[in-house]
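The values are calculated or read from the model by the stated rules, or taken from the named source; none is laboratory data. Small disclaimer: the values here were computed from a predicted structure and weren't measured. Every residue, glycine among them, receives a Cβ derived from its backbone with ideal geometry; neighbour counts consider all protein chains shown.
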Amino acid sequence: MSELWQIFKKGLLEENPIFILALSLCPALAVTTTVINGLTMGLTVTFVITSNNVVVSLIRNFVNPKVRVPVYITSIATIVTVAQLVLQAYFPLLYKAMGIYLALVVVFAIILARAEVFASKHGVVKSFCDGFGMGCGFTAAMLVIAAIREVTGSGTFLGYPVFGENFNPMLMMILPPGAFILIGYLVAGTKTWLRKIEEAKLKKEAA
Amino acid sequence: MAEYFTLLVGAVLINNFVLTKFLGLCIFFGISKNLSASIGMGMAVTSVMTMSSILAWIVYFFVLQPFGLEFLTTIVFVVLTASFVQLLELVIKKQAPALYNMWGIYLLLIATNCIVLAVPILNVENEYSLLKSIVFAIGSGVGFALALILMASLREKLDYADVPKPLQGIGIAFILAGMLSLAFLGFSGMM
């Protein structure tokens with residue numbers, strides 16, 4: 001049990017797809033103008049990465065290694081299409097807000113990377129935990145970015161105003177440049193934080 | 001004529017794929033450390049994107065649409081672009097080894113990339129004609145190359161700058177991209 005928890009946990013911080021690995025950034029920057037959009041994208045990616053890990057893990061003994069990448073890509077594309085159709089049918093407004101970025105979930109480096117690095121070598125349960133952990137880490141990162149951008153850029157959270165009427169929103173934050181600059185500082189912040197944890201650990205061991 | 005020109009300028013400057021639509025960021029941050037690699041990558045992406053757009057346009061309007069299979073667009077386009085890039089790699093390796101030595105490595109990197117997939121999808125979503133699709137693909141490719149080359153030139157200067165420790169590497173690259181994006185925002189007043 002604790003092993004599964006470890007597999008799940010590493011996606012949240014140590015190997016966070018966005019802040020540490022700096023993978024799959026396109027959506028993280030493009031759709032995080034509001035919290036609800038960021039959450040939708042995060043949940044979609046969690047669904048795709050978890051299901052794909054399970055599928056890849058199930059078929060790992062039947063696929064010839066030479067054709068594994070095309071097989072993984074087809075599997076991912078099929079799952080993304082399912083997600084697209086479900087969103088289109090039940091949440092048409094969110095589907096519209098995601099635009100082209102929803103179809104582009106297919107080519108997120110993080111999904112293919114987890115299939116290749118983890119799911120093709122481990123059992124179903126472990127692969128599920130790995131995919132779910134990575135998905136949760138991704139969703140958490142999306143929520144952080146989206147919350148900062150929505151609160152500063154339009155002065156609202158989930159559509160509700162958080163400041164008084166006199167608040168003058170920083171428009172740049174919901175425009176593309178704000179996203180780039182914010183990610184730059186967030187990456188730097190995460191790096192510093194992880195280094196502090198590491199240093200504290202070393203000190204403890206030395207003492 | 002004016003219509004095509006607007007489309008081209010729009011794709012290169014105003015809706016720059018990297019700096020305002022955030023597509024192709026993995027390549028953008030990975031390659032832009034080196035100026036000569038950026039030029040090669042820019043050219044490879046432009047040519048691959050143009051050819052795969054033509055291919056995807058034909059498949060969509062002659063196969064998928066007549067049979068009512070539009071919901072398969074994502075799957076078909078991914079497989080199409082990825083296999084097309086692989087095929088191109090084989091042909092170039094056999095026919096033009098000199099070219100392969102220059103570009104081969106970039107072709108592998110762009111096999112499954114958001115920017116190469118995004119252009120065909122946008123073409124059919126906007127229902128562009130074949131000629132318009134080609135113009136749009138070339139414009140997007142040139143815009144990508146422009147952003148990449150600008151960024152690479154800036155990052156070469158950055159090597160001599162005294163950057164705070166936590167921001168070193170990817171952090172400062174993002175902030176730099178933000179500044180570039182801010183500059184490109186100025187073009188939006190052109191239309």
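Of everything in segment A:99-125 that is outside any helix (DSSP H, G or I) and not small (G, A, S), the residue that is nearest to B:N126 (Cα to Cα) is A:F108. Just one of (1) facing chain A (nearest Cβ under 10 Å); (2) modelled with pLDDT under 85 fails for B:A118. It is (2). Going by what's in this entry, would A:Y90 be described as at pLDDT 90 or above, away from chain B (no Cβ under 14 Å) and surrounded by fewer than 20 Cβ atoms within 10 Å (Cβ to Cβ)? Yes. Scanning segment B:169-182 for residues that are within 14 Å of A:A179 (Cα to Cα) and either out of contact with any helix residue (DSSP H, G or I) (no Cβ under 9 Å at 6 or more places or on another chain) or of a type outside the set (A, V, I, L, M, F, W, C) (or both) turns up B:G171, B:G178, B:S181.
All conditions in (1) surrounded by fewer than 21 Cβ atoms within 10 Å (Cβ to Cβ); (2) away from chain B (no Cβ under 13 Å) hold for A:T74, with the sole exception of (2). For the residues A:N52, A:N16, the requirement of being in a helix (DSSP H, G or I), buried (at least 16 other Cβ atoms within 10 Å of the Cβ) and more than 10 Å from every other protein chain (Cβ to nearest Cβ) singles out A:N52.
There is no residue in segment B:73-91 that is under 20 Å from B:L7 (Cα atoms), out of contact with any Cys (no Cβ under 7 Å at 6 or more places or on another chain), within 14 Å of another protein chain (Cβ to nearest Cβ) and part of a helix (DSSP H, G or I). Of the numbered criteria (1) of a type outside the set (V, I, T); (2) in a loop (DSSP other than H, G, I, E, B); (3) closer than 30 Å to A:T156 by Cα; (4) away from chain B (no Cβ under 14 Å), the one A:F62 fails is (3). Selection of first residues in segment B:147-166 that are touching a residue at least 24 places away in the same chain (Cβ under 8 Å) and of second residues that are part of a helix (DSSP H, G or I), restricted to Cβ pairs under 6 Å at least 6 apart or on distinct chains, gives the following pairs, ordered by first then second residue: B:L148/B:S38; B:L148/B:G42; B:I149/B:S38; B:A152/B:L35; B:A152/B:S38; B:L154/B:L176. Within segment B:159-191, the set of residues being over 22 Å from the mean Cα position of the chain (by Cα), within 13 Å of another protein chain (Cβ to nearest Cβ) and under 19 Å from B:N34 (Cα atoms) comprises B:V163, B:Q168, B:G169, B:G171, B:I172. Restricted to segment A:159-184, and to residues there that are out of contact with any Leu (no Cβ under 9 Å at 6 or more places or on another chain) and in contact (Cβ under 8 Å) with a residue 60 or more places away in the chain, the residue that is nearest to B:G169 (Cα to Cα) is A:I174. For segment A:95-138, taking the residues that are crowded, with 24+ Cβ neighbours inside 10 Å and of a type in the set (F, W, Y), the one that is nearest to the other protein chains (Cβ to nearest Cβ) is identified as A:F108.
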